[in-house]
Amino acid sequence: MCIRDREMGEPNLYRLKVEAGLGSEPSDSIADTFGFRSIGFETNPGAPPRCDPWTAVINGRRLFLRGVNWVPMDSLLGRITPERYRAQLESVKEMGANFIRVWGGGLREKKAFYDICDELGLLVWQEFPLSCVFLNRLPRSTRYRKLLFNEVGDIVRQLRNHPSLMLWCGGNEIHVRRNK
């Protein structure tokens, strides 16, 4: 039995297909898999006042997060297959982790990665591509900000329906004074 299965039960996933058209033949359709869940955070009982709420609450139940960091599996993206994703993600689950942080210095993973996380009940912390800028600072031009805004929007639109996604993050290793 998998860790998530013992803690939270099987992830319930649903498939929805919508077709539109005139007459008997559809002219367009869209299909997606999705799930429902609630995610929140609260402070630990007995924590000192003003502590940050770092305890995850999934579907109304506290969950101790045991996570791993994820970097791209291969520098040649064409070699990453759903089978390779599944083998790695099943290993993550078998070792007792229930949470994966996708490093912002890498790439957004392929759809298969998130689909398999959904199936396995692995939660995902998705970083945006803003990492390792502690040596200098991010560009401040309007052009760069527009590019970043579009990139973030695309990532959110492509990943937002995955119930495995629990947290978005702007990145790490960002020099705070230089990148206000």
Review point. Of the residues in region 137-170, how many are in contact (Cβ under 8 Å) with a residue 60 or more places away in the chain and part of a helix (DSSP H, G or I)?
Key: 0
Revision key, fill the gap. Residue hits (region 16-25; open to solvent by 100 Å² or more (accessible area, probe 1.4 Å), part of a strand (DSSP E or B) and not basic (Lys, Arg)) are Glu19
Check your understanding: Restricting the search to region 33-72, which residues are aliphatic (A, V, I, L, M), in a loop (DSSP other than H, G, I, E, B) and open to solvent by 50 Å² or more (accessible area, probe 1.4 Å)?
Key -> Val71
Review point. If you check Ile100 against the conditions, is it within 25 Å of Glu151 (Cα to Cα) and in a helix (DSSP H, G or I)?
Key: no
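Residue-by-condition table, conditions (1) open to solvent by less than 30 Å² (accessible area, probe 1.4 Å); (2) under 16 Å from Pro163 (Cα atoms); (3) under 17 Å from the mean Cα position of the chain (by Cα); (4) modelled with pLDDT of 95 or more:
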residue: Ser27; (1), (2), (3), (4): no, no, no, no
residue: Gly78; (1), (2), (3), (4): no, no, no, no
residue: Arg84; (1), (2), (3), (4): no, no, no, yes
residue: Ile116; (1), (2), (3), (4): yes, yes, yes, yes
Check your understanding: Which of (1) out of contact with any Asp or Glu (no Cβ under 9 Å at 6 or more places or on another chain); (2) surrounded by fewer than 19 Cβ atoms within 10 Å (Cβ to Cβ) is the odd one out, the single condition Asn161 does not satisfy?
Key -> (1)
Revision key, fill the gap. Among residues of region 103-122 being hydrophobic (A, V, I, L, M, F, W, C) and outside any helix (DSSP H, G or I), the residue nearest to Glu151 (Cα to Cα) is Leu107
Practice item. Could you please tell me which pairs satisfy a Cβ distance under 9 Å, a separation of 6+ or placement on different chains, a first residue in region 39-68 that is under 15 Å from Gly121 (Cβ atoms), and a second residue that is of a type in the set (Gly, Ala, Ser) and open to solvent by 50 Å² or more (accessible area, probe 1.4 Å)? Key: Ile58/Ser38; Asn59/Ser38
Exercise for review: For region 87-97, state whether one or more residues are touching a residue at least 24 places away in the same chain (Cβ under 8 Å), part of a strand (DSSP E or B) and within 25 Å of Pro129 (Cβ to Cβ).
Suggested key: no
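Take Val124 and decide whether it is open to solvent by less than 50 Å² (accessible area, probe 1.4 Å) and either over 30 Å from Ala87 (Cβ atoms) or at pLDDT below 90 (or both).
So Val124 does not fit the description; no.
The values are calculated or read from the model by the stated rules, or taken from the named source; none is laboratory data. The structure displayed is predicted, hence computed values, not measured ones. Reconstructed Cβ throughout: ideal geometry from the backbone, glycine too, with neighbour counts over all protein chains shown. Remember, those area values only see protein heavy atoms, side chains included, never the ligands or the DNA or RNA. Shrake-Rupley method; radii C 1.70, N 1.55, O 1.52, S 1.80 Å.
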